[in-house]
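Have a look at the structure below before the remarks.
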Amino acid sequence: MSDTLKILETSPQTDDVDIGIEKEGRKTVAKQLSKILTDTYLLTIKTHIYHWNVVGPLFHSIHEMTEEQYEDLFEACDTIAERIRALGFPAPITQNGLLSDGSIQFDAINPSAKQMIDDLITDHETLVRKMRKAAEAAEDDAEDLVTADMLIERLTVHEKYIWMLRALVTE
Ligand SMILES: [Fe+2]
């Protein structure tokens, strides 16, 4: 085997990460981050779909707001996946591994603008509850301050989106 092929055959898994967090702790945090990554990706897709299909008097506001949100969510996926890698574990490497086991459902058929917003609020709130638990566990159980800090930053953004989405449809 050529040296180039040998290099390409290296495993993405690294057991020798020595950053002051036990392997079990890193593994638990990476698993939780994988679930958060799945939900963030699914919410990116759903937000984009609503961006395309929204109709009605709030079209412009929702179209613009969803664009800002799916762009941010897409970038967040990259940040979360790269944190999993920094912890020494592979980011999901198959479509099933990435998109299975998520909390975000795609049940609504031809939803109204109000139903779209209510649906997005529900999803952001679900994700916020999951992230809050993961942030607490990362800090308290694994002493992984970087993941906790990243999740707190994401929580801040999601909670802002929940406020903005709700304000849009509140009389
Ligand atoms: Fe667009």
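The values are calculated or read from the model by the stated rules, or taken from the named source; none is laboratory data. None of the values given here were measured: they were computed from a predicted structure. Note: ideal-geometry Cβ built from the backbone for every residue, glycine included; neighbour counts use all protein chains shown. Protein only, heavy atoms only, side chains kept; ligands, DNA and RNA dropped before computing areas. Shrake-Rupley method; radii C 1.70, N 1.55, O 1.52, S 1.80 Å.
Of note:
- For GLU136 and LEU99, a Förster radius of 25 Å and the Cβ-Cβ distance give a FRET efficiency of 0.45, rounded to the nearest 0.05.
- Lys/Arg +1, Asp/Glu -1 at C-beta; the chain dipole; positive extreme among VAL146, GLN32, HIS48: HIS48
- Residues in region 108-171 average 57 Å² of solvent-accessible surface per residue, probe 1.4 Å, ligands and nucleic acids excluded.
- Here the chain is treated with +1 on each Lys and Arg Cβ and -1 on each Asp and Glu Cβ, and its dipole about the Cα centre works out to around 440 debye.
- Region 1-102, accessible surface, carbon-and-sulfur percent (1.4 angstrom probe): 54
- Within the chain, the whole DSSP H helices whose Cα atoms reach 27 Å or more along their own axis and whose mean Kyte-Doolittle score is at least 0.5 are 145-168.
- Note on region 87-115 and region 12-59: Cα centroid distance 9 Å, given to the nearest whole angstrom.
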